[in-house]
1. From the list T178, T191, T172, pick out the single residue that is over 25 Å from I216 (Cα atoms) and touching a residue at least 24 places away in the same chain (Cβ under 8 Å).
2. Name the residues in the stretch 63-80 that are within 25 Å of K109 (Cβ to Cβ) and under 16 Å from the mean Cα position of the chain (by Cα), would you?
3. Would you call L96 crowded, with 16+ Cβ neighbours inside 10 Å and closer than 21 Å to A242 by Cα?
4. Could you pull out the residue among A76, A70 that is surrounded by fewer than 20 Cβ atoms within 10 Å (Cβ to Cβ) and hydrophobic (A, V, I, L, M, F, W, C)?
5. Of all residues in the stretch 92-140, which are of a type in the set (D, E, K, R), farther than 23 Å from A167 by Cβ and assigned to a helix (DSSP H, G or I)?
6. Does the stretch 104-134 hold any residues that are at pLDDT 95 or above, surrounded by fewer than 16 Cβ atoms within 10 Å (Cβ to Cβ) and not charged (D, E, K, R), and which are they?
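The values are calculated or read from the model by the stated rules, or taken from the named source; none is laboratory data. Quick caveat: nothing in here was measured; it's all calculated off a predicted structure. Here the Cβ positions follow ideal geometry from the backbone for every residue, glycine too, while neighbour counts run over all protein chains shown.
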Amino acid sequence: MPAISRRLLLAATALLAVPTLSTLAVEPSAGDGAAVASKVQHTVLITGANRGIGLEFVRQYAQRGWRVIATTRDPASAKDLNALATADRNVLVETLDVADHPGIDALAKKYEGQPIDVLINNAGLMQGPDKGQMVGSIDYAEFERFYRINAMGPLKVSEAFYQNVKASEMKTMSALTTGAGKRGIPVPGFTLYKTSKAAMDAIQHEIAIRWKQQGIKVVTLMPGRVLTHGERATPGQSTVSAEDSVAGMIKVLDGLTMESTGRTVQWNGEVID
């Protein structure tokens, strides 16, 4: 064989040995239950992340390797949250009071340009039963405080971080509610809590309508009866652990589609409305 022909044959063989783009692609691992579709790190922002359900969201998302923006009114006193942040550099602790609208805007400015895949409005005010929440003796100063925290707060956070969510891959906004808004806690003494959560439920529906064309998925989550403050379950009361509740809600968020935007979904995946 002439020398020039041998050189051409060797060159062609070498080209055939070069991997194509498809052979270079890395397949996601299916062993951890949270396969990553791309190398882009996802980001979640969680309000009220210093204890209970919020802290458990931080823990589970951090275990998945997500960047977690964990907010609380008083980071200095958030011992457990700070411990998570010390152990994992992907956990970022930030100051945020959902009743402080300038403070919300300031934090959104700090994270301008940062895509946020999942926004979780977890922070809220829950107390009762008490006389000031009973019809006939309503405390109207408290009325305003409940609504500012439980209804206006999540709305303001959603508005402030709208561009961040829109710029992300998952484009998901969520907020935690009680029983089923106006139907939750069927005893006197929780009027302000129940009605402020019912208002938040309605606001979530409005957000879903407003931003559906932008591809943003919105869900209202019901965490179930989670005993986060050392309470004891009463006889016949159905409870769920914080770990199971949060794992279930994350599964709901992972599987959310535009077809189900605006719905209220139980932690176990049951669609309420």
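1. Details: T178 fails: over 25 Å from I216 (Cα atoms); T172 fails: over 25 Å from I216 (Cα atoms).
Exactly one residue qualifies, and that residue is T191.
2. W66, R67, V68, I69, A70, T71, T72
3. Numbers: crowded, with 16+ Cβ neighbours inside 10 Å: yes; closer than 21 Å to A242 by Cα: no.
So L96 fails the test.
4. Only one candidate passes the filter, namely A76.
5. Residues of the stretch 92-140 of a type in the set (D, E, K, R): 94, 97, 100, 105, 109-110, 112, 117, 130-131, 139.
Filter again for farther than 23 Å from A167 by Cβ, leaving 97, 100, 130-131, 139.
The one that is of a type in the set (D, E, K, R), farther than 23 Å from A167 by Cβ and assigned to a helix (DSSP H, G or I): K131.
6. A106, G113
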